[in-house]
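Only one structure is covered here, and it is reproduced in the block below.
What follows is calculated from the coordinates using simple rules that are stated; it is not laboratory data. Everything numeric in this text was worked out from a predicted model, so none of it was measured. Using ideal geometry, Cβ is built from the backbone for each residue, glycine included, and neighbour counts are taken over all protein chains shown.
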Amino acid sequence: MEESKIVFVGRLQKDTGILEFLKWLKIKNKRAVFVGDGDLRNECEKYGKACGFTDPKPFLKKAKLCVPGGYLTYIEAKKIGCKTMVFPNNPLKRDYWNEIQKVEKFPSWKQIAEEYLKLWGKK
């Protein structure tokens, strides 16, 4: 799998599960693109290219696999049709990912905004 086919989107910090992802890349002898920045940028650059914080959508559209650092990236990747893989690094994150992966359909941002307006009696 070429570098641009695997993309990590999120902060390059250990709480995102990125160290577990880097171990996976090493074992699988794979490379990735990292859309984000943080303390582990230099470590990530050993396994691919770090692009800093930028619009992830073009990367997600080309990727075969997205590794999201958080749930918003997970939702965006799923909406685009990108396969996802998560790397929980503690029991709380494992539960977090298990629950979000059960959701079949995510509302659009417009639908979410309309729901908030209804809740606040503005619509």
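Considering (1) under 14 Å from residue 85 (Cα atoms); (2) out of contact with any Cys (no Cβ under 6 Å at 6 or more places or on another chain), say which one residue 31 fails and leave the rest.
(1)
Select from region 83-123 the residues that are small (Gly, Ala, Ser) and either over 21 Å from residue 60 (Cβ atoms) or not in a loop (DSSP other than H, G, I, E, B) (or both) and list them in ascending order.
Result: 113, 121.
Go over the candidates 5, 30 one by one and state the one that is closer than 21 Å to residue 58 by Cβ, surrounded by fewer than 23 Cβ atoms within 10 Å (Cβ to Cβ) and touching a Leu at 6+ places or on another chain (Cβ under 8 Å).
5
Pick from region 49-67 the residues that are without any contact (Cβ under 8 Å) to a residue 40 or more places away in the chain and within 19 Å of residue 38 (Cβ to Cβ): which of them is surrounded by the most Cβ atoms within 10 Å (Cβ to Cβ)?
Let us first name the residues in region 49-67 that are without any contact (Cβ under 8 Å) to a residue 40 or more places away in the chain, namely 50-55, 57-58, 61.
After this cut, where a residue has to be within 19 Å of residue 38 (Cβ to Cβ) as well, the list is 50-55.
Details: 50: 20, 51: 16, 52: 11, 53: 12, 54: 12, 55: 9.
By that ranking, first place goes to 50.
Which of the following residues is assigned to a loop (DSSP other than H, G, I, E, B) and not small (Gly, Ala, Ser): 12, 72, 60, 22?
Values: 72 fails: assigned to a loop (DSSP other than H, G, I, E, B); 60 fails: assigned to a loop (DSSP other than H, G, I, E, B); 22 fails: assigned to a loop (DSSP other than H, G, I, E, B).
Testing whether each residue is assigned to a loop (DSSP other than H, G, I, E, B) and not small (Gly, Ala, Ser) leaves just 12.
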